Structure formats: C-alpha cells, structure tokens
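Below is one structure, written out as structure tokens; the observations come after it.
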Amino acid sequence: MNFPKPRIYNKGLSSDFIIRIESGHGQSVKGKIEHMQTGQIHSFNDFLELLILIDNRLNEQGCPQSDTELRSFID
C-alpha cells in the first residue's frame, strides 16, 4: 500500500492547522487543534469553539493577507 508523502510546512509563512478529533457527534465534537506556525495546541469541546480558535489565530496573523486568494462557493 502506498501512502502519500507528508507535507512539509514552512513554519514562518503558514496559517495551517492540524485538527485531531477525539470524539463527538454533530456539534459536540471534542479534540485538539495545533497551529503549525507556532506549534501551540489547544483543546476544544464543540464545533463553535474550534471555529473561534481558528478565527482568533487568523486575526492575530492579520489574515487574510493581501496576497491571499479568497474563494467562494457562490457563482
């Protein structure tokens, strides 16, 4: 079985996260989120808390940046 090669992250320039879901159903998702740039790990107890953690981190970094391509699902 061939596994994909792991991605290599540039810790100085990324806004990437690793999200580990430990348990949950619907909005009661529980797990941990790691910010790749800083290596900080935070626990979350529901989907909204996960979104707030991501939003806070992106706001701290000044995202979206001027070179960020914003995408939309609406044509």
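Evaluated on segment 17-60, the Kirkwood hydrodynamic radius is 10.4 Å, with distances taken between all distinct Cα atoms. With R₀ set to 22 Å, the beta-carbon distance separating Ser15 from Ser72 gives a calculated FRET efficiency near 0.75. Normalising the average separation of contacting C-alpha pairs (under 8 angstrom, six or more residues apart) by the number of residues puts the relative contact order of segment 17-60 at 29 percent. Fully extending the segment from Ile52 to Ser28 would add 7.2 nm, taking 0.36 nm per residue of separation and subtracting the current Cα-Cα distance. Neighbours of Glu22, meaning other residues whose beta-carbon lies under 11 angstrom from its beta-carbon, give a summed charge of +3 when Lys and Arg score +1 and Asp and Glu score -1.
Quick note: the coordinates plus some simple rules give every number you see, no bench work behind them. The model shown is predicted, which means the values in this text are computed figures rather than measured ones. Neighbour counts are summed over all protein chains in view; Cβ atoms, including those assigned to glycine, are modelled from backbone coordinates with ideal geometry.
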